[in-house]
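Colleague: Next up is a structure, given as structure tokens.
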Amino acid sequence: MSAGVEQREGIVIRAGAGHCQVYVAPEQVHVAPETWQCQVRGRLKKGPKQVQSLVVAGDRVRFEAVAGQGPDGREGIVEEVLPRRNRISRMAARRSGGRIEQVLMANLDQLVVVQSVRDPEPQTGFVDRLLAAALRFDVHGVVIVNKVDLCGDDAARRRELERWGYYRSLDVEVVPASVATSEGLPELAALLAGKISLLLGASGVGKSSLLNALYPELGLRVNSVTDRTGLGRHTTTHTELHAVRGGGFIADSPGLRGFDPWDIAPGGIRAYFPDLEVVALECRFRGCLHRDEPGCGVKDAVARGRVPAWRHEAYLALLRDLEDRERAAGY
């Protein structure tokens, strides 16, 4: 810190390579918040690369003001990234080499996983991986089942929502929603009020459309699902926090097509599937991975209908991917 220079503190609302935007809340109600354009001090970047980005959305930082060159004169240098109370992280793309952590957001109150019933189709096991990551870092999980107006008829709707309702037994809130009919929007607004929330989901599931319906002033870009792939186009290119009416922040994020949770070892993922842990007490072997072992309580529970087969399959798929990761890294 430079002698005689006052440091200020704020929350990172957008981060890039070596720079970020910092939101500084006013001390008085009638004063408008400030947004500062900050560079990250070079000494903070030294050392072995263990994470893709040193500063991410949601981080709280201390910075020094410098003589501004921008239109509003608010420029600074980040001197310190404060300790994170939690985060949502995944393993970086395999082409990055080694084991690199990609932190999607820090210091959040809840992870809101958005899936659509159609256009695009739900991603098998994707929700389970995100909820495992949330449980790993003590983040509350919420599932939004979007585009329920596309279910067709009441019978199809009941079948569709029955599966998603299973997550309620895991202390996860589930909200059916539709921008077209406004279903679920009041419930979602109540869940987001006064909290710092990260919305995650595949491209095209309607994250930005939901936020625009709740907060039209955001004016987020939206796009349609492509006919060729059945997948959504990327309209959000970075994770950015938006201060919203009623207090709190909402983070829209780029669509994800894969997610391997960070800091969960293959042998430890059972702890992040709590429903499987309960029936695992009936396994013959203490270290059972619920795969090919005889006397497996989890496989028996699946056969008896106590645990859905898709839930067990999601667990096995994550186990395989994490094992493949460890072998590729030489562990």
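Colleague: Using 7 Å Cα-to-Cβ label points, what is the residue 326/residue 278 separation (nm, one decimal)?
Modeller: 2.7
Colleague: Give the peptides 267-278, 318-329, 138-149 in descending order of average Cβ contacts within 10 Å, highest first.
Modeller: Working: 267-278: 16.4, 318-329: 14.8, 138-149: 21.2.
Packing proxy ranking, top to bottom: 138-149, 267-278, 318-329.
Colleague: Working out 0.36 nm times the residue gap between residue 168 and residue 306, then minus their Cα-Cα distance, what length gain in nm do you get to one decimal?
Modeller: Roughly 48.2 nm would be gained on extension.
Colleague: Then there's this: Go through the cysteines of the chain and tell me which have no other cysteine Cβ under 4.7 Å away.
Modeller: 20, 38, 151, 296
Colleague: May I ask for the angle, rounded to the nearest 10°, between helix 309-329 and the longest principal axis of the chain, with both axes built from Cα atoms and the value confined to 0 to 90°?
Modeller: 60
Colleague: Counting DSSP beta bridges in the chain, what percent are antiparallel, to the nearest 5? Write down the numbers at each step before the final one.
Modeller: On the way: 33 of 56 bridges.
The answer is about 60 percent antiparallel.
Colleague: Further, regarding this structure: Kirkwood Rh over Cα pairs of region 87-252 into Stokes-Einstein at 37 °C, 0.692 mPa s: D in µm²/s? Numbers along the way, then the final one.
Modeller: Values: Rh = 16.4 Å.
After rounding, the answer is 200 µm²/s.
Colleague: Also, quick follow-up: For residue 31 and residue 85, what does the FRET efficiency come to when R0 = 25 Å and r is the distance between their Cβ atoms, rounded to the nearest 0.05? Before the final figure, lay out the partial values.
Modeller: On the way: r = 27 Å, r/R0 = 1.07.
Working from the Cβ atoms, E equals 0.40.
Colleague: For region 266-329, what's the relative contact order in percent, using C-alpha pairs closer than 8 Å and at least 6 residues apart?
Modeller: On the way: 49 pairs, mean separation 18.5, N = 64.
Once divided by the residue count of region 266-329, the mean separation gives 29 percent.
Colleague: Also, I was wondering about something else. Quick one: helix 154-165 against the long Cα principal axis of the chain, what's the angle to the nearest 10°, folded into 0 to 90?
Modeller: That works out to roughly 70 degrees.
Colleague: Size of the dipole of the chain about the Cα centre, Lys and Arg at +1 and Asp and Glu at -1 on the beta carbon, nothing else charged, in debye to 20? Before the final figure, lay out each step's value.
Modeller: Details: 44 positive and 42 negative charges, 192 e Å.
It works out to roughly 920 debye.
Colleague: Let me ask another. Once you place label points 7 Å from the Cα toward the Cβ at residue 154 and residue 67, how far apart are they in nm?
Modeller: In this crude spin-label approximation the distance works out to 7.3 nm.
Colleague: How large is the helix-only mean residue ellipticity at 222 nm for the chain, computed as the sum of -39500 (n - 2.57) over DSSP H runs with n ≥ 4, divided by its residue count, in deg cm²/dmol to the nearest 500? Spell out each step's value before the answer.
Modeller: Values: 7 runs with 73 residues, N = 331.
It comes out at -6500 deg cm²/dmol, rounded to the nearest 500.
Computed from the coordinates by the stated procedures, all read-outs in this text should not be read as laboratory data. Small disclaimer: the values here were computed from a predicted structure and weren't measured. FYI the Cβ positions are ideal-geometry reconstructions off the backbone, even for glycines, and counts take in every protein chain you see.
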